[in-house]
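Since the structure comes first, as structure tokens, the remarks are kept for the end.
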Amino acid sequence: MIDSTNDRKIEHIRAFDRDPAIERDARYFDRIHLLHRALPEIDLSEIDSSVQLFGKTLSFPLLISSMTGGNHDLVRKINTNLALAAEHCQVAMAVGSQRVMFVDEQARSSFELRKYAPSTVLIANIGAVQLNYAFTQKECQAAIDVLQADALYLHLNPLQEAVQPEGDTNFKGLAAKIADLCPKLSVPVMLKEVGAGLSPADVQLGLQAGICYFDVAGSGGTSWSRIEHQRRVNAGDNLGLAFQDWGIPTPLALKLLDAYQSQATFVASGGVRDGIDMVKSVILGASFCGVAAPLLQPAMESAEAVIEVIERLRREFVTAMFLLGMPDVASLFRNESLILEER
């Protein structure tokens, strides 16, 4: 199990090199046009892009989305570079699934990141379905503790598990187990999909379980169904390809969840590829925006390469704010008067 769990982590990373179509690049955000201001009546240098998350100040509403973790030098390098960049740029970071550290003690080191990111937001990560496979409060708290995390992602990935050759597919009764778990942990729980989107019914169940942070993680970016297709044994088995674009596009997911804004905080991820997408997400009701795929290759190189991408995203985000005449993030949030048209 140790070897297969770690091998799977590396296979996921290598799949991006083998198959560029894993990045679906659906560009759902391009269907939204914004109202340009020729007289914005603000000073670009005075724009305040900062936001608050778990009592900490982020330079702009970026969350480095979950990618990886495990007992492998490449994985440790990726997570270290991401953490160093997150701290330097003062953005949030979530780690990949920490299940691996419970089958291989040496994998823990890939999640010991607080020494690289002493002040910014770090988010732990466990697959919610593991609550049906013997995981308890003990494992979830251990995942939080090793990272010294500010919150815990419980990720929901029924499509990925259904396509994965060794997938865990018993999602029965999970909402009740999540509700039992949440008050026992030392940090807030965030519910997250991994590329197929959260529906209103999902958020309703999450709210009933005591969760108020949701990462919609819609379709349009990385297809985990297609990644797992690469790992299926039967060459003629195209289940992963059949479902590679399954799910709720991220902009649509945000719109569907608008009625829950008074009860929840939303993260937009899934196909967010530049600062303009981030601005559109905030307008549609996201308080934070998750980005993963554009940071993976830079993280294999250096922290400096990751910082360069993050700074580009920040410049794009602030420039879009300027061109909309919005002096701060609060003025963007759910301000649908800024939407010119949708195609």
*Kirkwood Rh, Cα Rg: Rg to Rh for the stretch 19-170?*
1.05
_Average Cα contact separation per residue, the chain, under 8 Å, 6 or more apart, as relative contact order %_ = 22 percent
_Show me the chymotrypsin sites (Phe, Trp or Tyr not before Pro) within the stretch 172-229 that DSSP assigns to loop and that have at most 13 other Cβ atoms within 10 Å of their Cβ._
none
*Could you let me know the centre-to-centre spacing of the stretch 78-133 and the stretch 297-343, using Cα atoms, in angstrom?*
24 Å
*asked:* Using DSSP to call loops (not H, G, I, E or B), can you name the GluC sites (Glu not before Pro) in the stretch 102-201 whose Cβ has at most 16 other Cβ atoms within 10 angstrom?
replied: GLU112, GLU166
*Fraction of beta bridges assigned by DSSP in the stretch 1-158 that are antiparallel (%, nearest 5)*: 25 percent
_Translational diffusion coefficient (Stokes-Einstein; Kirkwood radius from C-alpha pairs) of the stretch 220-343 at 20 °C, 1.002 mPa s, in µm²/s_ = 131 µm²/s
*Given the options LEU198, LEU181, LEU82, state which has the largest fluctuation in a GNM of the chain using a 10 Å cut-off (strictly under) for Cα springs.*
LEU181
*Can you send over the carbon and sulfur percentage of the accessible area for the stretch 65-118, probe radius 1.4 Å, protein chains only?*
46 percent
*Which whole-number percent is the relative contact order of the stretch 72-147 (Cα, under 8 Å, 6+ apart)?*
36 percent
*Using only Cα atoms, locate the centre of the stretch 1-63 and the centre of the stretch 139-210, then give the distance between them in Å, rounded to an integer.*
21 Å
*asked:* Could you tell me which residue out of GLY127, VAL272, ILE22 lies farthest along the dipole of the chain toward its positive end? Charges go on the beta carbon: Lys and Arg +1, Asp and Glu -1, centred on the Cα centre.
replied: GLY127
_trypsin sites (Lys or Arg not before Pro) within the stretch 31-90: DSSP coil, no more than 15 neighbouring Cβ in 10 Å_ = ARG37
*Would you work out the relative contact order for the stretch 210-287, in percent, from Cα pairs under 8 angstrom that are 6 or more residues apart?*
43 percent
_Range of Cα positions in the chain per principal axis (Å), largest first_ = 61, 41, 41
*State to the nearest 20 debye the size of the charge dipole of the stretch 1-129 about its Cα centre, where the only charges are +1 on K and R beta carbons and -1 on D and E beta carbons.*
260 debye
*Distribution of pairwise C-alpha distances over the stretch 1-105, 5 Å bins, in %*: 2, 9, 13, 14, 15, 15, 12, 8, 5, 3, 2, 1, 0
*Would you mind checking the radius of gyration and Dmax of the stretch 118-244 based on alpha-carbon positions, in Å?*
15.3, 49
_Taking the Cα centre as origin and putting +1 on Lys and Arg beta-carbons and -1 on Asp and Glu beta-carbons, what dipole magnitude results for the chain, to the nearest 20 debye?_
440 debye
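The values are calculated or read from the model by the stated rules, or taken from the named source; none is laboratory data. Please read these numbers as outputs of a predicted model, since none were measured by experiment. Glycine gets a Cβ as well: all are built from the backbone with ideal geometry, and neighbour counts include every protein chain shown. Keep in mind that these areas ignore ligands, DNA and RNA; they rest on the heavy atoms of the full protein, side chains included. Shrake-Rupley method; radii C 1.70, N 1.55, O 1.52, S 1.80 Å.
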